[in-house]
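The structure under discussion appears below in the form of structure tokens.
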Amino acid sequence: MMIRMNTNRLKELRKNAGLSQQELAGRLGIAASTMGMYEQGRRKPDYDTLIRLALIFHVTTDYLLGLEHPEAEWRKSEEELLEQLVKRDMSAASSRLASEEERRALMEELRAAVDSVLEKSCAAGLQEKNEA
């Protein structure tokens, strides 16, 4: 059985993230035409690219391959973790994050930090693999 990437999911994730094919290709270090072929199903990404796509969009590789349902459960656990961090910080700082706007801003900062760590971790893993 040959498993192919779910091209509709890839295109939908890219559009929902507000990225053009050119922008996503730049983040992946590939040509925009290659990105277009991925979305058309005319070409398959290698394992490293598939992993990077999953990290960028906060989904599993299985989701990209069409083997599981939307990332709702994964996103839910991420949201719960962020919520716990905010609550802990709010209780420690008392009224420091009194407004909903400040709370949302902290959530976005935490989400960006998690994204950054995941992307750096993936990049380091890919570099190690390439050096081996």
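The values are calculated or read from the model by the stated rules, or taken from the named source; none is laboratory data. Remember, predicted model here, so these are calculated numbers, not experimental data. A quick note on method: Cβ atoms are made from the backbone with ideal geometry, for glycine too, and the neighbour counts reach across all protein chains shown. Protein only, heavy atoms only, side chains kept; ligands, DNA and RNA dropped before computing areas. Shrake-Rupley method; radii C 1.70, N 1.55, O 1.52, S 1.80 Å.
Of the residues making up the stretch 1-39, those that are within 14 Å of residue 57 (Cβ to Cβ), among the basic types (Lys, Arg) and open to solvent by 50 Å² or more (accessible area, probe 1.4 Å) number 3.
Taking the criterion of being basic (Lys, Arg) and either without any contact (Cβ under 8 Å) to a residue 12 or more places away in the chain or within 13 Å of residue 9 (Cα to Cα) (or both), the only residue of the stretch 43-63 that qualifies is 43. Beta carbons closer than 6 Å, at least 6 apart along the sequence or on distinct chains, pair a first residue in the stretch 16-42 that is without any contact (Cβ under 8 Å) to a residue 24 or more places away in the chain with a second that is open to solvent by 60 Å² or more (accessible area, probe 1.4 Å) for 32/21; 32/22; 35/21; 36/21; 37/43.
Within the stretch 40-49, track down each residue that is surrounded by fewer than 17 Cβ atoms within 10 Å (Cβ to Cβ) and touching a Leu at 6+ places or on another chain (Cβ under 9 Å). Passing the criteria: 44, 48.
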